[in-house]
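Written out below as structure tokens is the structure these notes cover.
The values are calculated or read from the model by the stated rules, or taken from the named source; none is laboratory data. Here the structure is a predicted model, which is why all the values come from computation and not from measurement. So basically every Cβ, Gly included, is an ideal-geometry build from the backbone, and we count neighbours across all protein chains shown. Only protein heavy atoms, including side chains, enter the accessible area calculation; ligands, DNA and RNA are left aside. Shrake-Rupley method; radii C 1.70, N 1.55, O 1.52, S 1.80 Å.
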Amino acid sequence: MLVVAAVLGLLVVPALAAGWAAWQGQPWAMDWPQSLRHAAVLGAVFCGLRLLLAGAGWLLRAVLRSY
């Protein structure tokens, strides 16, 4: 999941930003600190989602085992 977040944050988000700027006719330059922040935020979101899914799976198994 962290690899997916890194790819999204470092490649996809800047590519979308460049495409959006080109569509508006504006120049665009890579902002590495902002891209690294995006990658960190996406990584945290994906890790949080993974933890929530793991917790939900554990809770579901515990509930089903009790019946």
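Numbers for the structure displayed
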quantity: Accessible surface, 1.4 Å probe, highest first, among residues 7, 41; calculated: 41, 7
quantity: Heavy-atom surface of the chain, accessible at 1.4 Å and reported per residue (Å²); calculated: 79 Å²
quantity: In degrees, nearest ten, helix 13-23 long axis to first principal axis of the chain (Cα); calculated: 40 degrees
quantity: FRET efficiency, 1/(1 + (r/R0)^6) with R0 22 Å, evaluated for residue 49 and residue 15 via beta carbons; calculated: 0.45
quantity: Heavy-atom accessible surface of the chain: percent carbon and sulfur, 1.4 Å; calculated: 76 percent
quantity: For Rg and Dmax of the Cα atoms in Å, calculated from these coordinates, the label among [x] 18.2, 62; [y] 16.8, 58; [z] 11.7, 36; calculated: [x]
quantity: Backbone HN-Hα couplings from phi across the range 32-48 [Karplus 6.51/-1.76/1.60, Hz, Gly and Pro as x]; calculated: 4, x, 5, 5, 5, 5, 4, 4, 5, 5, 5, x, 5, 5, 5, 5, x
quantity: The chain: relative contact order as a whole-number percent, Cα under 8 Å and 6+ apart; calculated: 43 percent
quantity: From phi via Karplus (6.51, -1.76, 1.60), per-residue ³J(HN,Hα) for the range 53-67 in Hz, x at Gly/Pro; calculated: 5, 5, x, 5, x, 5, 5, 4, 5, 5, 5, 5, 5, 6, 8
quantity: Heavy atoms of residue 36: accessible area, 1.4 Å probe, square angstrom to 10; calculated: 100 Å²
